[in-house]
Amino acid sequence: MITHRNIIRKIFSRVLVLFAFTYISIFIFSIPQGYSWKIIDGRFVSTYPLYMIVKRCNNIFISLLELNLGHSMMGKALNEILFTSFKRTALLISSSIVLAFVLGVFKGISDSNKGNKNCASTKVLISVIPISIPDVLIAAIMQSFAIWLNKKDIYMFRVAGTGTLAHSFLPIIALSILPAFYIARITSLAVNDCYKKAYVLTALGKGCSSARILWNHVMRNAIRGIVEGLPSITSIIISNTLIVEYMFSYPGLTTSLMNHITMGDGRSSAIIIVFIGSFYFILNGLFHVVSAVVNKSNRREAI
């Protein structure tokens, strides 16, 4: 019963944070351009009534609660814009997460010393250093590589745009690189920690093969630590999505957001950024659910 209460409490707190994020975001985009404060007769006077900003913010917030998204300044239905953009961004992020997880786990296993204390740390440094590289630089390198291939009449990668699978390859790879190295670092630490456990030392003493020890003993227990680190990559992926979509002219949610901000469409910009924030909370919550399921499964096996 206590567990259920904790779950309800966490869900309630996350919903409150989401509502607060939604209202603050809408309020910021409800402030008109050129808004400022002036000192008149010793008093601070705003160039636009504050109550009008609050009223405008409340109207947008209520329309969102009623699922009435309305239209953009260009006359297009926002629900259609969000649906089309979301499909592309969801494909980009989901593919990047899968690729990052697969590459990160195998890279982490390779980086681990597997119980050998004298193992060199060069592989670990290769995983740590790329985490500090800006995603803009990664995207620029990927684009330069694609341009070089195109000059060689190799068109497996498209530099920008959308429409074919080849257009999605570079954005997916660019977005997955930093999370992959982050997962590799977590995997390496988890694997090294498992090799210190008594059950692994016992298996080594019995003469079990390295492959059997790695997959039957180490990875079955290390996966819990790896999955627990997944929520940490949510912010990395969401924040870098804006850079990747912009650099590759990928027409997703963040590109749509930048377009509406450029047009000065505050209402549409607020709704899109709320949608992106909601996507972040959902993705982060999904990672926590996966982590809880894996932990529960491991506890049952231990029993």
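Bear in mind that the values in this text are calculations on the coordinates, not laboratory data. These figures come from a predicted structure and were not determined experimentally. A quick note on method: Cβ atoms are made from the backbone with ideal geometry, for glycine too, and the neighbour counts reach across all protein chains shown.
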Given points 7 Å out from each Cα along the Cα-Cβ axis, report the residue 54 to residue 209 separation in nanometres with one decimal. 7.2 nm
Using 7 Å Cα-to-Cβ label points, what is the residue 46/residue 263 separation (nm, one decimal)? 2.6 nm
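Normalised by the residues of the chain, what does the relative contact order come to in percent, with Cα pairs under 8 Å and at least six apart? Walk me through the numbers on the way to the answer.
On the way: 316 pairs, mean separation 71.4, N = 303.
Relative contact order here is 24 percent.
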Which of 171, 179, 49 ends up with the largest GNM mean-square fluctuation for the chain, with Cα atoms connected below 10 Å? 49
Find the relative contact order for segment 1-68 and round it to a whole percent, using C-alpha pairs within less than 8 Å whose residues are 6+ positions apart. 28 percent
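At 0.36 nm per residue, and after removing the present C-alpha to C-alpha distance, how many nm does the segment from residue 39 to residue 136 gain when stretched out fully? Show your work: numbers first, answer last.
Working: separation 97, 0.36 × 97 = 34.92 nm, distance 4.22 nm.
Full-extension gain reported as 30.7 nm.
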TM-like helix rule applied to the chain (DSSP H, alpha carbon span at least 27 Å on the long axis, mean Kyte-Doolittle at least 0.5) gives 2-30, 78-111, 165-194, 266-302
Sum -39500 (n - 2.57) across every DSSP H segment of at least 4 residues in the chain, then divide by the residue count to get the 222 nm mean residue ellipticity, nearest 500. -24500 deg cm²/dmol
Both in Å, the radius of gyration and Dmax of the C-alpha trace of segment 1-68 are 18.1, 62
Which of [x] 52, 44, 35; [y] 84, 64, 41; [z] 53, 42, 39 is the computed Cα extents along the principal axes in Å? It is [y]
